[in-house]
1. Of Cys694, Phe458, Gln266, which is farthest along the charge dipole of the chain in the positive direction, counting Lys and Arg as +1 and Asp and Glu as -1 at C-beta?
2. Please calculate the 1.4 Å probe accessible area of Glu260, with all protein chains present, and give it to the nearest 10 Å².
3. Along the principal axes of its C-alpha atoms, what lengths does region 204-247 span, in descending order and rounded to whole Å?
4. Under the Kirkwood approximation for Rh and a Cα-based Rg, what ratio Rg/Rh is obtained for the chain?
5. Which whole-number value in Å³ per residue fits the convex hull of the alpha carbons of region 257-303?
6. Please say if region 288-359 is rounded, prolate or oblate, where rounded means a/c under 1.5 for a ≥ b ≥ c the square roots of the C-alpha gyration tensor eigenvalues, and otherwise the choice is prolate for a/b larger than b/c and oblate otherwise?
7. How large is the dipole of the chain about the Cα centre if only Lys and Arg carry +1 and Asp and Glu carry -1, each at its Cβ, rounded to the nearest 20 debye?
8. Give the ranking of Arg287, Arg220 by solvent-accessible surface, highest area first, calculated with a 1.4 Å probe.
Amino acid sequence: MRFRHKKLWVGRMHYLEVIEREKSFSRNIAVHEFYPAKMAEYCDFPEFLNHDIVTTLRRKGINRLYSHQAEAVIAVSESKNIVVTSGVASGKSLCYFLPVINNFIKSEAGKSLFIFPTKALTQDQKTNFSILLNEIAISGCFEKNPVVGVYDGDTENQKRSQIKQSCDFLFTNPDMLHMGILPQHPKWLNFFKNLRFIVIDEAHYYRGVFGSHFANIIRRLMRICRHYGANPQFIVTSATLANAKDFVEKLLQTKFHIVEEDGSQQGEKHFYIYNPPLVNEELGIRRSSLKEVAAISRMLMNTDSQTLIFSESRRSVELLLAEIRKHIKDKDLIKGYRSGYLPVERRNIEKRLREKSLRAVISTNALELGIDIGGLDSVIINGYPGSITSTKQQSGRAGRGDRPSQTILVANSGVLNQFIVRHPEYILENSPEEALINPDNPLILLSHLQCALYEIPFRKGENFGTLPFDEVNKFLVLLQKQNKLFLSGEKYFWKSAKYPASELSLRTAGIKPFVIECENSGSFSLHSKPELIGIVDKESALWMTHPEAIYLQDGEQYFVEKLDLENYRVVVSLSDSVYYTQASSKTDITLLKKIKEDTFTGFKKNYGQIKAVTQVTGYKKIDWQTNEILGYGEVELPPTELITFGFWFTFEQDLTDKLKELQIWNNQSNDYGSDWGKIKQRIKIRDEGKCRNCGRGEGIPPLQVHHIIPFRSFRNTVDANREENLITLCPSCHHQAEQNVMIQSLLSGLANLIRNIAPFYLMSDIRDIRVSHDNKAEISDGLPMLIVYDSVPGGIGLSERLYDLHSALIDACLEIVETCTCKDGCPDCTGAVAENGVGVKNEAKMILKMMQESR
């Protein structure tokens, strides 16, 4: 166990004591970081702050401001654009509440626009703002009652007209700003003409493709403001980022003053990294992180603590919820929380958290943002969430004021997690990642230029944000050739009456979500009334709610009866299945344009524009209790297409020949000999047409014949295909046998290493990249290939950075393989196994050394 600070504290809360003294838990603690309590740094209220505001704050027990709050309020009064990066629960909202209210009291003509990344956070902050505003209004400081409005997809039609005409403080989200406000700006004339402040909360959220879209929305917004003679000031808050000031200046296209010293009070904090124990050291197999998280959660639920459990995927949230509820009496004490739940359900869960009537909530990163859920005692994180920023945000949800808190990061058996266990300084000592965006991504830029043209004609010589007209004009010429605009005098005009924003999604998912409806009877009926139980975006629908999938929500299982792609509808029925499903997919890569290439001994590295076509082709049925694969299914769903940029290794023929000579190139399909068909049939007859393990008969998929000692362990097919070395197995048992003998392909092992370690060198989220490999790829002229590509359309520069960092990437992968304690390969290094190689740890080590030596 690694202690980085001596633990010297008294009066520990019961939940801290129980967790540390429970031997089954404490012996698996790999890291314990202790952060002592921190006293608050205060400043007096600035003299220019309105007396009624100060009086109201003092009534609420706020007698002084934290130092960062005072700095922010003063900077805004000096007409500076500011970005505040203090910690979670540090009172960042007052950094924008106070200036905008103070300004409104002085000049009631000034309007404010508040932008939040999600509807839930918008509603939450509007409520908090309204409460403060109403408390200040009691003093009679407002000549007219200020109008506060939320304008999003849930706003009732009858309220929209009133909000457009008279709103003083408008709360919205990027999607509504993009689709419902900017295209209709003439109806908002009074609002835009008098717009004084633009408040952007949780700015770190705007990274990748969503952030690149958002930067262009701000370009459009500022065009409209200038059109009406307004020049609003920005007030921005963000989680701590490595490049917060540079990032926000690129996002919003103007200069900023950064407020980064956190003056808030903090109680003592404990950060644990918990590594599930090995159950098979030779194979490197660890106990399931999900099972460990469930056990720790149950222990905490028996103490006086309130716990928030973060889990990466929506499916894992539901698996955890079901697992914990199996072992507790009052199942209503724990709830799941994720996208797909209806808004009324999520608001109720938030309310119950604040009221302390819930002991635990399991959430995706949906609760990572600053929704008010009160101060929690413990946070459990199921697996490294993919970035330092997310880790700090999730951990920061525990603790408020001087109350002690703890975070328990439960590592899984993946490469990234185990690397963190061995190198905890990566998340404990490094600054958070840089947030990367590319506002000038051609696909994104072209789409928003069309929206901007619809909103206001473009003048010749007009820049678009920081993009000079010379660059803008290239796109205008293209649109003119496509007959989408026309030039009249010195202005370009949009031709169509239909506004293009309606066809542009800001995220990877489609604009229109799929609704999930449960047939009450569990079967189709002309008279049954379906119940709406949730929503899902299109991309997720293909892998979460494909036909015959088991869909999980609020601890319940539903069988997907139908996925209606045309009508955006998923029909499900209640199920008590003993398995859950996991989608399988295939990806085909096509080279569009090679941009860079460098040749080394035995391999090349390349960078260029690619097209990746991915299709969900089937699914696995996985046992709830044992995680054993019970069977497979096939589906026919449309492919999704991604045009982006990628970096790839091409392994030359001389390298593969050398590996073959050393008998370690195991990436080709096995050639079982010309008589293999007859041999298989003979073995099936010998085994009476049944699986020798479970007794299953012939079916679909068909029975398979398995080599007990792996085929590649033999030098010839005669010895490998001896009858005593062959056994009939059903597909499920065959797959389990493959896992037991730990056989896998070399390319798959390398891909697993690179997929997991690349985010460390990119300082990015693991979801920002995708990795694929192919034995005989078109992109590499039929040679073996491994590619890493940006997961967003048009790319944001990640794969190009990897092209430059390939040496460090190879070194890190080699270190992981050399330091792993397993024998042949395991989830901690080269990943899962399959029957086309005899373990790949040594093989991966060999090829990485060759690549290292050839630099």
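The values are calculated or read from the model by the stated rules, or taken from the named source; none is laboratory data. Every value quoted in this text rests on a predicted model; they were computed, and no experiment measured them. Cβ sites come from the backbone with ideal geometry, for glycine too, and all protein chains shown count toward neighbours. The protein model used for the area step is the full one, side chains on, heavy atoms only, and it has no ligands, DNA or RNA in it. Shrake-Rupley method; radii C 1.70, N 1.55, O 1.52, S 1.80 Å.
1. Phe458
2. We get 110 Å² for Glu260.
3. Largest to smallest, the principal-axis extents are 35, 21, 13 Å.
4. Here the Rg-to-Rh quotient is 0.98.
5. For region 257-303, the hull spanned by Cα atoms encloses 176 Å³ per residue.
6. Taking the square roots of the gyration eigenvalues as a ≥ b ≥ c, region 288-359 is oblate.
7. Computed charge dipole of the chain: roughly 1320 debye.
8. Arg287, Arg220
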